[in-house]
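**Student:** Starting off with a structure, shown below.
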Amino acid sequence: MRPAAVLAGLFLLLAIYCAIDPFKHAPFSDFPDFETYAIDMPAWSEVPTERDSENLLQRSEIRFRNQVQGPESMAFDPQGRGPYTGVADGRVLFWNGQSWADFAYTSPNRSELCDPKPSPLSYLKNEHICGRPLGLRFDKRTGDLYIADAYFGLMKVGPAGGVATSLTTEAEGVPLRFTNDLDIDEEGNIYFTDSSTKYQRRHFMQLVFSAENSGRVLKYNPNTKETTVLVRNIQFPNGVSLSKDGSFFVFCEGAPGRLQKYWLKGEKAGTLEVMAILPGFPDNVRTNEKGEFWVAVHCRRTMYSYMCALYPKLRKFLLKLPISAKIQYLLNIGGRIHALVVKYSPEGKLLQILEDVQGKVVKAVSEVEEKDGKLWMGSVLMPFVAVYQL
């Protein structure tokens with residue numbers, strides 16, 4: 001038999017195996033309706049190639065190691081105290097200058113299921129019970145803390161803390177399934193993201209590899225108690241942050257790796273435009289005092305992930321192979337987790353890149369909060385906070 005015929009036969013057997021997955025080895029075999037979707041990718045030439053040749057994030061100071069599990073958002077109250085951060089077991093913690101103290105909870109049904117565990121990912125299976133506070137923002141006028149909880153929706157807790165109260169859990173009759181981040185304007189309106197109406201956060205890997213586009217950007221009006229959808233059909237909307245003058249907000253669109261701008265005022269009010277193409281997969285975005293935007297980028301985009309994004313059938317075929325989700329994930333990010341943060345002007349000009357290419361010190365970043373000349377960086381994947389001196 002000719003070698004070509006043998007190869008063709010082997011390929012056919014592999015295709016049949018992937019199609020039926022008889023031993024349920026594929027990473028998403030428990031999701032029979034799992035589907036992959038094409039991503040509206042920018043040209044490869046548009047993906048930024050600028051690098052931090054000095055790996056400056058490696059100069060960061062690692063604080064609170066193993067004292068906080070998966071700190072996503074870094075927030076400071078109107079008096080400048082903190083940081084406050086939401087962690088993997090469902091609590092919002094407050095650093096009082098000497099130790100971490102419990103400040104708030106998003107779930108009233110806490111039990112031993114929510115007790116301390118050895119790593120942030122250890123909590124995944126019980127997140128829907130314990131809660132998972134992600135985006136945090138203080139209302140500077142009232143001192144209230146607003147919380148985007150992945151499972152319980154948009155919530156609020158007063159300056160004294162305690163159990164948070166629910167503000168909204170649905171929009172247009174569709175439940176919030178993956179509430180992710182938020183920001184507040186001067187009138188008290190809250191702009192927030194719902195990353196998917198199909199997948200919850202505990203299934204975020206399915207959302208990442210699927211790239212389905214049920215994500216939404218929403219507005220909550222505290223006076224009317226109304227929740228409206230501003231932008232729909234987004235592939236993994238994540239961080240959201242208002243401009244310094246309040247004329248627009250930006251949000252991160254995860255799958256295409258874009259920073260989108262939504263105009264609130266002026267002639268363009270109600271319209272959306274691409275503000276910047278990012279070097280990789282974004283998480284949160286935060287505005288500094290100058291009105292610039294810090295974007296936490298989970299990892300750089302590789303040619304492998306770029307091709308998988310363009311060709312969903314190829315992506316689905318590869319995901320059918322008996323390769324674990326962890327290995328599939330590492331293939332997409334270039335073999336190792338590595339952190340980078342980027343700063344943009346309000347016009348979308350790339351101003352600065354800081355990274356740790358080897359992931360030696362700062363392995364991952366979910367959010368960057370600039371305060372008093374320092375960058376405070378948390379990550380849902382890490383058991384610490386990184387602080388970089390600008």
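The values are calculated or read from the model by the stated rules, or taken from the named source; none is laboratory data. A quick note: this is a predicted structure, and the numbers were derived from the prediction, not measured. FYI the Cβ positions are ideal-geometry reconstructions off the backbone, even for glycines, and counts take in every protein chain you see.
**Student:** For residues that are assigned to a loop (DSSP other than H, G, I, E, B), in contact (Cβ under 8 Å) with a residue 12 or more places away in the chain and not charged (D, E, K, R), tally how many sit in region 218-263.
**Tutor:** Qualifying residue count for the region: 11.
**Student:** Given the conditions (1) buried (at least 20 other Cβ atoms within 10 Å of the Cβ); (2) over 24 Å from Phe209 (Cα atoms), and given that Asp372 satisfies all but one, which numbered condition is not satisfied?
**Tutor:** Checking Asp372 against (1) buried (at least 20 other Cβ atoms within 10 Å of the Cβ); (2) over 24 Å from Phe209 (Cα atoms), the one that fails is (1).
**Student:** Which condition breaks for Glu50 when tested against (1) free of Cβ contacts under 8 Å to residues at least 40 places away in the same chain; (2) surrounded by fewer than 18 Cβ atoms within 10 Å (Cβ to Cβ); (3) in a loop (DSSP other than H, G, I, E, B)?
**Tutor:** Here Glu50 clears every test but (1).
**Student:** Ok, one more. Before we move on, is Tyr344 in contact (Cβ under 8 Å) with a residue 60 or more places away in the chain and in the same structural domain as Pro48 (by TED's automatic domain parsing)?
**Tutor:** yes
**Student:** Looking only at region 264-303, count how many residues are of a type in the set (A, V, I, L, M) and part of a loop (DSSP other than H, G, I, E, B).
**Tutor:** Of region 264-303, the ones of a type in the set (A, V, I, L, M) are 264, 269, 272, 274-278, 285, 295-297, 303.
From what is left, the residues that are part of a loop (DSSP other than H, G, I, E, B) are 264, 269, 278.
The number of residues fulfilling the criteria is 3.
**Student:** For Met205, only one of the following conditions fails: (1) over 22 Å from Leu136 (Cβ atoms); (2) of a type in the set (A, V, I, L, M); (3) at pLDDT 95 or above. What is its number?
**Tutor:** All conditions pass for Met205, except number (3).
**Student:** Okay, next question. Hey, among Tyr37, Tyr84, which residue is modelled with pLDDT of 95 or more, over 29 Å from Glu289 (Cα atoms) and under 22 Å from the mean Cα position of the chain (by Cα)? Can you show your working first?
**Tutor:** On the way: Tyr84 fails: over 29 Å from Glu289 (Cα atoms).
Of the residues listed, the single one that is modelled with pLDDT of 95 or more, over 29 Å from Glu289 (Cα atoms) and under 22 Å from the mean Cα position of the chain (by Cα) is Tyr37.
**Student:** Please specify each residue of region 121-144 satisfying the condition of being acidic (Asp, Glu) and farther than 25 Å from Asp185 by Cβ.
**Tutor:** Within region 121-144, the first condition is being acidic (Asp, Glu), and the residues that meet it are 127, 139, 144.
Across region 121-144, the qualifying residue is only Glu127.
**Student:** Restricting attention to region 87-99, report how many residues are buried (at least 17 other Cβ atoms within 10 Å of the Cβ) and more than 21 Å from the chain's Cα centre (by Cα).
**Tutor:** 2
**Student:** For region 315-341, name all the residues that are assigned to a loop (DSSP other than H, G, I, E, B) and either modelled with pLDDT of 95 or more or outside the structural domain of Leu56 (by TED's automatic domain parsing) (or both).
**Tutor:** Keep residues of region 315-341 that are assigned to a loop (DSSP other than H, G, I, E, B), which gives 321-324, 334-338.
Once the filter is applied, which keeps residues that are assigned to a loop (DSSP other than H, G, I, E, B) and either modelled with pLDDT of 95 or more or outside the structural domain of Leu56 (by TED's automatic domain parsing) (or both), region 315-341 yields nothing.
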